[in-house]
Amino acid sequence: MQHSLAFERDVAIAMRDGLELRSNVYRPSTSGTYPVLMTVGPYGKDIHFRDFNPKAYAEIAEHGPYMNWETPNPDWWVAQGYVVIRVDQRGIGASPGRLDPFSRQEAEDFYDAIEWTAEQPWSNGKIGLHGISYYAVSQWHVAALQPPHLAAILPWEGLVDVYRDVARHGGIFNNGFVVTWYHHVVRVQHGSDGSLSEKERAANRADVIANFKEHILDDDYYHSRVPDLSRITVPVFSVGNWGGVGLHLRGDIEGYLRAASSHKWLRIGV
């Protein structure tokens, strides 16, 4: 049975501290309960793929109007009988709060979003995670917290060690990718629509670049941003590619090896 799509924008999800994250919900229009695929990340749920990466979007535009960067395609998944939820993480897009990438706070927010989703009338209580790059990194982090309704994770190209994989390769500060990446993240920080001044936004985000430069060694700053992979027990399908050796490949393999899951798989492509 092919399901038609119902779309809800800016659905509020309450966190344990009272702050509300905003999400887009794509679900079958037919009443019933369905499994859910969820992403939480920093690239803006309302930043259309054609605007984020026009060249890449031109190659896949035929797959549907709701395509977004590195997240599941709602048109395809809803037709198969899934709900797809995209959540702006704390401090990004429509979600207020302090922006602090790779933090424990992010993982706890993801946990709360999963448990909120399990209680919704259209959810069957089984929440799966599926996404690429940062949307894979966040899966390792939240799975280590063991949300009761998390059913499985499918991280595509997801690093696991902030110090070794992204901040300081071989101890040397990564002044190429990291600087460019965080610049793009800050562009979609909550309030960047003019509702907050640059001074207000700067006061409400972690200075990731300065922190990476200041913390030369693998110290407590980085330790607090590394998931305990041994606590991951849900099924895992870790996917990487040999071309990701400069960022994600190590994490794809380490995540697979160190997860305590009874059912886990690793696929490396070219």
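The values are calculated or read from the model by the stated rules, or taken from the named source; none is laboratory data. Treat the numbers as computed from the prediction; the structure is a model and nothing was measured. Methodologically, a virtual Cβ is constructed for each residue, glycine included, from the backbone with ideal geometry; neighbour enumeration extends over all protein chains shown.
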Residues satisfying the stated conditions in the range 1-43, i.e. closer than 22 Å to Arg98 by Cα, loosely packed, with under 14 Cβ neighbours inside 10 Å and in contact (Cβ under 8 Å) with a residue 60 or more places away in the chain:
Ala14, Arg16
Those residues of the range 50-62 which are under 15 Å from Val185 (Cα atoms) and part of a helix (DSSP H, G or I), in sequence order
Asp51, Phe52
Test set (1) within 30 Å of Tyr34 (Cβ to Cβ); (2) surrounded by fewer than 15 Cβ atoms within 10 Å (Cβ to Cβ); (3) of a type in the set (Ser, Thr, Tyr) - Thr180 fails condition number
(1)
Does Asn124 qualify as being over 19 Å from Gln105 (Cα atoms), polar (S, T, N, Q), surrounded by fewer than 20 Cβ atoms within 10 Å (Cβ to Cβ) and touching a residue at least 40 places away in the same chain (Cβ under 8 Å)?
yes
Tally the residues that are among the small types (Gly, Ala, Ser) and touching a strand residue (DSSP E or B) at 6+ places or on another chain (Cβ under 6 Å), restricting the search to the range 241-270.
4
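The rows are residues; the columns are (1) in contact with a strand residue (DSSP E or B) (Cβ under 6 Å, 6 or more places away or on another chain); (2) over 21 Å from Glu254 (Cβ atoms); (3) surrounded by 15 or more Cβ atoms within 10 Å (Cβ to Cβ).
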site: Leu129; (1), (2), (3): yes, no, yes
site: Tyr134; (1), (2), (3): yes, no, yes
site: His141; (1), (2), (3): no, no, yes
site: His169; (1), (2), (3): no, no, yes
site: Asn175; (1), (2), (3): no, yes, no
site: Ser192; (1), (2), (3): no, yes, yes
site: Ala210; (1), (2), (3): no, yes, no
site: Glu214; (1), (2), (3): no, yes, no
site: Asp218; (1), (2), (3): no, no, yes
Do any helices (runs of 4 or more DSSP H) lying entirely in the range 145-239 carry at least 1 residues that are of a type in the set (D, E, K, R) and either at pLDDT below 95 or at positive phi (or both), and which ones are they?
177-187
Sort out which residues of the range 241-268 are hydrophobic (A, V, I, L, M, F, W, C), surrounded by fewer than 16 Cβ atoms within 10 Å (Cβ to Cβ) and modelled with pLDDT of 95 or more, and write them in order of number.
Ile253, Leu257, Ala260, Trp265, Leu266, Ile268
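From Arg90, Arg98, grab the single residue that is surrounded by fewer than 18 Cβ atoms within 10 Å (Cβ to Cβ) and more than 24 Å from Pro235 (Cβ to Cβ).
Residue meeting the stated conditions: Arg98.
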Of these, Leu145, Leu154, which one is in contact (Cβ under 8 Å) with a residue 12 or more places away in the chain and surrounded by fewer than 20 Cβ atoms within 10 Å (Cβ to Cβ)?
Leu145
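Looking only at the range 63-111, count every residue that is assigned to a loop (DSSP other than H, G, I, E, B), within 16 Å of the chain's Cα centre (by Cα) and within 15 Å of Tyr43 (Cα to Cα) and tell me the total.
First, pick out the residues of the range 63-111 that are assigned to a loop (DSSP other than H, G, I, E, B): 64-73, 80-82, 89-91, 93-98, 100-103.
Pick out the ones that are also within 16 Å of the chain's Cα centre (by Cα) and you get 67-73, 89-91, 93-95, 100-103.
Of the ones still in play, those that are also within 15 Å of Tyr43 (Cα to Cα) are 67-72, 89-91, 93-95, 100-102.
Of the residues in that region, 15 qualify.
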Scan Ser238, Ser230 and give me the residue that is surrounded by 15 or more Cβ atoms within 10 Å (Cβ to Cβ), among the hydroxyl-bearing types (Ser, Thr, Tyr) and either within 30 Å of Ile127 (Cβ to Cβ) or out of contact with any strand residue (DSSP E or B) (no Cβ under 8 Å at 6 or more places or on another chain) (or both).
Ser238
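From the list Ile114, Ile60, exactly one residue is more than 26 Å from Ala202 (Cα to Cα), β-branched (Val, Ile, Thr) and under 14 Å from the mean Cα position of the chain (by Cα). Which is it?
Step by step, each of Ile114, Ile60 is checked, and only Ile114 is more than 26 Å from Ala202 (Cα to Cα), β-branched (Val, Ile, Thr) and under 14 Å from the mean Cα position of the chain (by Cα).
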